[in-house]
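Here is the structure we will look at, set down as structure tokens.
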Amino acid sequence: MKTKTLALLLTGGVFALPLTTVAKTVKVDIPVVEKELAVDNAGTMQAMWTFGGTIPGPLVRVKQGDVVDFTLTNLKSNKQSHSMDFHAARVDVLDEFAPVSPGQSKDFQFRADYPGVFIYHCGAEAMSEHIARGMYGVIIVDPKEGYSEDYPKPDREYVIVQGDLFKDGTTPNDITQNVGKAANLINGKIFHYDPVHDQNASLALESKPGERVRFYFVNAQINDSVAFHPIAGIWDRVWDNGNPKNVSYGMQTYDVAPAHAVTLDLISPGDRPTNNALVDHQMKNAQTGAITVLMNHSEADPESGRGSNLIIRE
């Protein structure tokens, strides 16, 4: 096996793209950062726990068969022990996924055997609190065969992660029971990409009319499933867990369990500008933050949803 080491940048990521069938070793380093973050578009701050200082954490992207050489560093300034649970890994929960004390680091390796989109999250006690405070991210494992007729190359790609927001000071036991839940986060903020329902929102996702837009959707909520629906659209194809073998066609709504993920393609009409609202059709979640606007127009930013811009930050 050929070995190639890549560094993961905190602000985005370095990806092993499906350009060759030769497996590689991909070096991934992620620190744990306990900090205050803005949880809405108005800038409301709340104490959160993060991978790499952002919610979600840095995007990791490798190819099926690659070996991930991972290091988790729990900064000395942190107060809590933390761990890393990659859902794309087959290892020992008592070894690789063991908690790491402040000021300590942990290294382990795993081979990405299955293609798809997977959550990663902290598994330290209380796990529900660590996840609810923002300790989650996404790893995409591209199929070793690359794109095909059954898994076509998209024009754009976006990562969307839906998570919980609990009232500051909610106890771990209440968090576990969903008591004190205040809102839903999309990539770390309430109504992050929804200027329709939030006058403070300045961002929306973009594509050109008729483009195939691929969404890697992860449900990072600790208890609630997501009924993911594109208002004014139909999912052209859905790959459960992101695996090209698990395909469904022409889906109106797709149910995503907690700690699960799917890959979905949406194609807008090619003859005119349109808009979609990507919602959790459990209305208690949609109306408390889980709505994302996709604008399909000829002046769409050519960099949005491409390269390192799969998670739109700000």
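Laboratory data are not the source of any read-out in this text; all were calculated from the coordinates shown. Computed from a prediction, not measured in an experiment: that's the story for all the values here. Counting neighbours? That spans all protein chains shown, and the Cβs are built from the backbone with ideal geometry, glycine included.
My understanding is that a pair violates if its Cα-Cα distance is over 18 Å; which of LYS35/LYS181; LYS63/LYS245; LYS144/LYS245 do that in this structure? Could the numbers behind the result be given before it?
Numbers: LYS35/LYS181 20 Å; LYS63/LYS245 16 Å; LYS144/LYS245 13 Å.
In this structure, LYS35/LYS181 lie more than 18 Å apart at Cα.
Taking only C-alpha pairs under 8 Å that are 6+ residues apart, what is the relative contact order of the chain in percent? Intermediate results must be reported in sequence, preceding the final value.
Working: 875 pairs, mean separation 50.8, N = 314.
Over the chain, the number comes to 16 percent.
Can you give me the C-alpha center-to-center distance between segment 266-314 and segment 17-94, rounded to a whole angstrom?
Value for the Cα centre distance between the two parts: 25 Å.
With N set to the residue count of segment 25-142, report its C-alpha Rg divided by 2.2 N^0.38 Å to two decimal places. Provide the component values of the computation, followed by the final result.
On the way: Rg = 14.0 Å, N = 118, 2.2 N^0.38 = 13.5 Å.
Ratio of Cα Rg to 2.2 N^0.38 Å: 1.04.
Kindly provide the GluC sites (Glu not before Pro) of segment 100-183 that DSSP labels as loop, not H, G, I, E or B, and whose Cβ sees at most 10 other Cβ atoms within 10 Å. Write down the numbers at each step before the final one.
Details: sites: GLU125, GLU129, GLU145, GLU149, GLU157; in loops: GLU125, GLU145, GLU149.
Hits after loop and neighbour filter: GLU149.
Considering Cα pairs under 8 angstrom that are at least six residues apart, work out the relative contact order of segment 25-142 and quote it in whole percent. Intermediate values should be presented prior to the final figure.
Details: 292 pairs, mean separation 36.5, N = 118.
31 percent.
Would you mind ranking LYS35, LYS106, LYS153 by Cβ crowding within 10 Å, fewest neighbours first?
Working: LYS35 15, LYS106 19, LYS153 11.
Arranged by neighbour count, lowest to highest, LYS35, LYS106, LYS153 become LYS153, LYS35, LYS106.
Residue-wise, which Karplus ³J(HN,Hα) couplings in Hz belong to segment 295-311, taking 6.51 cos²θ - 1.76 cosθ + 1.60, θ = phi - 60°, and x for glycine or proline?
9, 10, 8, 5, 9, 4, 4, x, 8, 6, x, 9, x, 8, 9, 8, 10
Any idea what the relative contact order of segment 156-296 is, in percent, if you count C-alpha pairs under 8 Å spaced at least 6 apart? Provide the component values of the computation, followed by the final result.
Values: 356 pairs, mean separation 41.3, N = 141.
Value for segment 156-296: 29 percent.
Just the number, please: percent antiparallel of the DSSP beta bridges in the chain, rounded to the nearest 5. Write down the numbers at each step before the final one.
Details: 60 of 83 bridges.
Expressed as a percentage, antiparallel bridges in the chain total about 70.
Please give the net charge around ILE222, taking every other residue with its beta carbon less than 10 angstrom from that of ILE222, where Lys and Arg add +1 and Asp and Glu add -1. Show your work: numbers first, answer last.
Numbers: positive: LYS181; negative: GLU129, ASP164, ASP224.
Spelling it out: positives minus negatives among the neighbours equals -2.
Show the residues, 5+ positions off or on another chain, whose built amide H is closer than 5 Å to the amide H of LEU185.
Under 5 Å from the amide H of LEU185: GLY163, ASP164, LEU165.
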